[in-house]
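Right, I'll just put the structure down here and ask away after.
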Amino acid sequence: MTHVVVDPVTRIEGHLRIEAEVDGGFVKDAWSSSTMFRGIELILKGRDPRDAWAFTQRICGVCTTVHAIASIRAVENAVGAVPPPNARLLRNLIIGSQCVQDHVIHFYHLHALDWVDIVSALSADPAKTSALAESISDWPLSSAKYFASVRDRIKGFVERGQLGPFANAYWGHPAYVLPPEANLMAVAHYLEALDWQRDVIKIHAILGGKNPHLQSFLVGGMATPIDPDRQASLNAGSIAELKELAAKARDFVTKVYIPDLLAVASFYKNWAGYGGGVGNYLVYGEYPEDDAAKPALFLPQGIIRKRDLSKIEAFDPAKITEHVKHSWYEYAAGDDQGLHPFKGETLPKYTGPNPPYERLDTAAKYSWLKSPRYDGEPMEVGPLARMLVAYGSGHARVKELVGAVLKKLGVGPEALFSTLGRVAARGIETQILAEKMSDWIDQLAANMARRELRIHDNSKWEPSSWPKDCTGAGFHEAPRGALGHWVHIVDGAIANYQCIVPSTWNAGPRDAKGRRGPYEEALLGTPVADPTKPIEILRTVHSFDPCMACGVHVLDASRRKLAEVRAS
Amino acid sequence: MKKSESRFDAELRRRGVSRREFVAFCGVMASTLALPRSLEAKIAAALQKSEKPILVWLEFQDCAGNTESFLRATKPTAAEIVLDTLSVDYHETIMAAAGHQAEEVLAKTVKDKKGEYIVIVEGSIPTGANGAYCTIGGRSALQIAREVCGGAAATIAVGTCAAYGGLPAASPNPTGALGVADAVPGLKNLINLPACPANAENITALVVYYLTFKSFPPLDQYKRPLFAYGKSIHDNCERRAHFDASQYVEAWGDEPHRTGYCLYKMGCKGPVTFQNCPQIRWNGGTNWPIGCGHPCIGCAEPDFWDKMTPFYQHLPNVPGFGRAANIDKIGLLATAGVAAVFATHGVISMIHRSTGPKAVETPPPPVDPVEKVEKGDRP
């Protein structure tokens, strides 16, 4: 038995530590620990709820829109503000472009180097690389000359002797199985994606002033004025720009990302047999398509248990609990039961080893993450959960694309419940959203044309218009999964605030009953050829797209109980 | 490589960049930095050196927003910096190695390149719980910062969290978070590049400045480079004429809002915020917050989470003045120069929540970069 520690897990957002027992070449047990804490909910207490989105937005600068969205929805739910249709469309465009850009960055810049060997790319034949690229896509950057220039650029970089961010990695590890040409093609697209992400996110600059940390969110709507007859508003020129950027986003996804994903996956089909995890999936649903109190959602809400796609259960917010048995917090009545988040009462209490340390005591508390549970069960959230719920709910385009991907790889639906399944689901979702963006732009233009210019519900802006004591919840599907914010407002100020975040669901430690979280469960059975170079552990952990800064939060430090909350 | 061509020219050619484009880029960089045109050649020379300076990027109590901002850089791009300009030996978000292999790289750089490498720090440094609020590889952020920044040629605190503590240090500062200057006192060549996040173009401009002059630009009393933080948002705002004409947005989406009137009454902190957003804007010059109809939240100023909130409350009425007088007063203070920020901040903190005084170091007198270069401190 070998004890493996991976700390820091790099190519993620935030600070994550994985400890694992490896025996006979496979992971026998695993522990996921988040090693950073800021206490943002404590900082929010007593502040103006209209400011909360800017504070919570800074939980994460990678998925830079998600906590702002969840926050304004929670406060709107509490005070009764109803954003007008244009605000819904602007938000859908912001959320959708965030998801598309974030997923592509994840594939190329955070996850690819687990599958792609840069050193091997140096020995690729540019002509063969060109033939490979042209056999899978009509993307124009595909000539032998182009791939030769990429290879030479990397060669020049390596020959200068300073490997920078590519130093001391696992190059040459037997787990890398792509031929040199596939490696070179992927490296070329790694570089292209760096330029692409910078350009397409201008959608956020147009709609939010800047990225990261867009600044156009408002409780009750959006700050971006719309007026076809004004230079200082979104107008016909902005629509044209948005369309161009959305087309650029869709083009790269369709012609580069998806073909690359399928090409790489075809060499790693054995990873459909690893990383299955807890097999339960939770989705809040996203992209309201109308302005009803319970709007139709483009991607549906639902629960899947024990991988049963034939039964999509309705989501009930009352069934969420959180545990702290193995987290560096304490509950007043003891740490053995889970508490509903409305009754959350946590205080940070670090009981781990003083730094510097070698090992965590995983039998005791070992993470700054809590362990959320739904109806007592650990749940996986994220693109795989969303695609499975949409598939099970009969979403036509999702069914079509999932079917096409499975057919292309020659695997059955059971392959979805795996490390490879997560990678594929993220790609399918990106394709679906990249296609959807132009609909929302068209709807915005149509509103503009008929002079529907409202962007904000001014009737609930002043705190004097709010109930003296109110509570609200805001639900959102972030790129990494189901996100919820809950707020309690008294006399116009935040009395309590809490977030339950995708990476808390996925990366949380064991609960009071000793059940592993989704990362921990997914790592069981993962092969590890060389415990000193555990690249396989990274593959499965990265397939969840960890976002640790998001995951760590504090609930109610004053131990005040929250009143009943109206769920949105 | 063609026979008469230098190695640098060959690299330019391989990257599809003409000589002419390269020289034009150096001109743009000179103007971002507000340098005389005569220094373009110096910038070009510095960028052509084949030995790449080493950069180590540390992340502590952060959101990776500054890392993401850096990835949006256009002049030069992140890819050019990572592959061609600097050797980015350690950066958790992008590096291929993980775990002990990653930490080995850092240890080797700190040991072998002592006094030579540049550190960028992103995120605040917690001092509570013996440092357990942020550990990497089992070591606390404070332990890492002391060692790595202590051996660096220079430390750049990027973003408001690293510069001044930022969001984690906002009242009641649950983890005892500090900016680099307060957590590791006495560092040589410390530069703050605040804002939430720092603008990519300012990050790259600072890097280019350093490569060009082998020195750092003159700073204000908050250790911010004057080239990026020397003027208030308000002074350079495209809506300034509406302020001067007392034309204000009164409600979100009203006609003045759609027309682009001044956002002062909606809470804009432009008059007391010093940064170059109006000129360089964001995301390759696409837009900026005021350009999309939302007030400035003052994110480049120390303690803005406490001193600039509530964000939608307009700047405070100074006791003894009416509102109109107050607007003019603050406008005048802002134009009077950096020192006026103290006065204005003093007023704001009096009215808003107080988090207690923070030590402000006495700044060195600003050094004119041109003068310094001409005196022989050449790259």
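The values are calculated or read from the model by the stated rules, or taken from the named source; none is laboratory data. Since the structure is predicted, the reported quantities are computational estimates derived from the model, not experimental observations. Virtual Cβ from ideal backbone geometry, glycine too; neighbours counted across all protein chains shown. The accessibility values were calculated without ligands, DNA or RNA, using every heavy atom of the protein model including side chains. Shrake-Rupley method; radii C 1.70, N 1.55, O 1.52, S 1.80 Å.
Roughly how big is the B-A contact, given as buried accessible area in Å² (both sides, 1.4 Å probe, nearest 100)?
In total, this chain pair buries about 7900 Å².
Sorted by accessible area with a 1.4 angstrom probe, largest first, how do A:ARG450, B:ARG224, B:ARG240 fall?
Output order, biggest surface exposure first: A:ARG450, B:ARG240, B:ARG224.
Quick one: which residues, 5 or more positions from A:TRP139 or on another chain, have an amide H under 5 Å from its amide H? H modelled 1.01 Å from N in the peptide plane, none for Pro or chain starts.
Sorted by chain and number, the residues that satisfy this come to none at all.
Which net charge results when you count Lys and Arg as +1 and Asp and Glu as -1 among the other residues whose beta-carbon is under 13 Å from that of A:VAL104?
-3
Related question: Which of the listed residues, A:GLY514, A:PRO534, A:PRO467, is farthest toward the dipole's positive end in chain A, when Lys, Arg count +1 and Asp, Glu count -1 at the beta-carbon?
A:PRO467
Sequence gap at least 6, Cα distance under 8 Å: using those rules, report the relative contact order of the range A:295-450 to the nearest whole percent.
22 percent
What is the sum of charges around A:ASN168, taking Lys and Arg as +1, Asp and Glu as -1, for the other residues whose C-beta is under 12 Å from the C-beta of A:ASN168?
Computed value for this residue: -1.
Leaving ligands, DNA and RNA out of it, rank A:LYS311, A:LYS436 by accessible area with a 1.4 Å probe, largest first.
A:LYS311, A:LYS436
At 1.4 Å probe size, what's the solvent-accessible area of A:LEU309? Round to the nearest 10 Å².
Counting only protein heavy atoms, the figure is 40 Å².
Return the long-range amide H neighbours of A:ASP125 (sequence gap of 5 or more, or a different chain), with a cut-off of under 5 Å between placed amide H atoms.
A:GLU181
I want to check the label-to-label distance for A:TYR357 and A:ASP138. Put each point 7 Å from Cα in the C-beta direction and report it in nm to one decimal.
5.8 nm
If you stretched the chain out fully between A:ALA293 and A:ARG307, how much longer would it get, using 0.36 nm times the residue separation minus the C-alpha to C-alpha distance?
Length difference between fully extended and current span is 2.0 nm.
How would chain A be classified by its alpha-carbon gyration tensor: rounded, prolate or oblate, with rounded meaning a/c under 1.5 and the a/b versus b/c comparison settling the rest?
Here chain A falls in the oblate category.
Continuing with this model, one more query. Count charges around A:TRP115 for me, please; just the other residues with Cβ under 14 Å from its Cβ, Lys/Arg as +1, Asp/Glu as -1.
+1
In whole Å, how far is the Cα centre of the range A:238-316 from that of the range A:1-71?
So the two Cα centres are separated by 22 Å.
Which pairs in the list A:LYS243/A:LYS408; A:LYS210/A:LYS248; A:LYS468/B:LYS307; A:LYS311/A:LYS513 are over 23 Å apart, alpha-carbon to alpha-carbon?
A:LYS243/A:LYS408; A:LYS468/B:LYS307; A:LYS311/A:LYS513
Let me ask you something else. With θ set to phi - 60°, apply the Karplus curve 6.51 cos²θ - 1.76 cosθ + 1.60 along the range A:519-534 and write out the HN-Hα couplings as whole Hz, x wherever there is a Gly or Pro.
Once rounded to whole Hz, the list reads 4, 4, 5, 5, 6, 4, x, 5, x, 9, 5, 9, x, 7, 9, x.
Another one. In chain A, which whole DSSP H runs stretch at least 18 Å along their own axis (Cα) and average -1.0 or higher on the Kyte-Doolittle scale?
Answer set is A:66-79, A:85-105, A:144-159, A:180-200, A:236-252, A:396-409, A:419-449.
Hey, another quick one. Using the heavy atoms of the protein chains and a 1.4 angstrom probe, tell me the accessible area per residue for the range B:154-226 in square angstrom.
The answer is 20 Å² per residue.
Something else: Could you put B:GLU68, B:GLU116 in order of accessible surface area, largest first, with the 1.4 Å probe and the full protein assembly present?
Listed by decreasing accessible area, they come as B:GLU116, B:GLU68.
For A:ASP29 and A:VAL158, FRET efficiency with R0 = 41 Å and r from the beta-carbon atoms, rounded to 0.05?
Efficiency, from the Cβ-Cβ distance: 0.60.
Work out which residues of the range B:102-136 lose at minimum 30 square angstrom of accessible surface when the other protein chains are put back, relative to the chain isolated, with a 1.4 angstrom probe, and list them by number.
B:VAL105, B:ASN130, B:ALA132, B:TYR133, B:THR135
A further question follows. Calculate what fraction, in whole %, of the accessible area of the protein assembly as shown sits on carbon and sulfur atoms when a 1.4 Å probe is rolled over the protein chains.
54 percent
Right, another one. Please give the FRET efficiency for A:VAL490 paired with A:GLU377, using the beta carbon to beta carbon distance and R0 = 45 Å, rounded to the nearest 0.05.
Once rounded, the FRET efficiency stands at 0.85.
Where in chain A lies the longest segment free of GluC sites (Glu not before Pro) that are both loop residues by DSSP (not H, G, I, E, B) and have at most 11 other Cβ atoms within 10 Å?
Within chain A, the longest run free of exposed GluC sites (Glu not before Pro) spans A:1-357.
With the Cα gyration tensor of the protein assembly as shown giving a ≥ b ≥ c as the square roots of its eigenvalues, does the rule (a/c under 1.5 for rounded; else a/b larger than b/c for prolate; else oblate) give rounded, prolate or oblate?
rounded
Next question, about the same structure. HN-Hα J couplings of the range A:275-290 from phi, Karplus 6.51/-1.76/1.60, θ = phi - 60°, integer Hz, Gly and Pro as x?
Working through the residues one at a time gives x, x, x, 6, x, 10, 9, 10, 9, 7, x, 7, 6, x, 9, 8 Hz.
I would also like to ask the following. In percent, how large is the relative contact order of chain A, given Cα pairs closer than 8 Å and 6 or more residues apart?
Relative contact order, chain A: 26 percent.
When a/c is below 1.5 the answer is rounded, else prolate if a/b is larger than b/c, else oblate, so apply that to the range B:151-239 with a ≥ b ≥ c taken from the square roots of the Cα gyration tensor eigenvalues.
oblate
Please give the Cα centre distance for the range B:110-184 versus the range B:188-250, rounded to the nearest Å.
If you average the Cα positions of each part, the centres end up 22 Å apart.
For the range B:219-234, in order, what is each residue's ³J(HN,Hα) by Karplus, 6.51 cos²θ - 1.76 cosθ + 1.60 with θ = phi - 60°, in whole Hz (x at glycine and Pro)?
After applying 6.51 cos²θ - 1.76 cosθ + 1.60, I find 10, 8, 5, 9, 6, 9, x, 5, 4, 10, 10, x, 10, 6, 3, 4 Hz.
Also, quick follow-up: Under a crude label model (7 Å from the Cα following the beta-carbon direction), how far is B:LYS111 from A:ALA404 in nanometres?
5.3 nm
Tell me, in nm to one decimal, what length is gained between A:ARG454 and A:ASP316 on full extension, where the rule is 0.36 nm per residue of separation less the Cα-Cα distance?
In short, 46.4 nm is gained.
Please give the per residue accessible area of the range A:1-97, computed with a probe of 1.4 Å over protein heavy atoms only, in Å².
For the range A:1-97, the per-residue accessible area is 15 Å².
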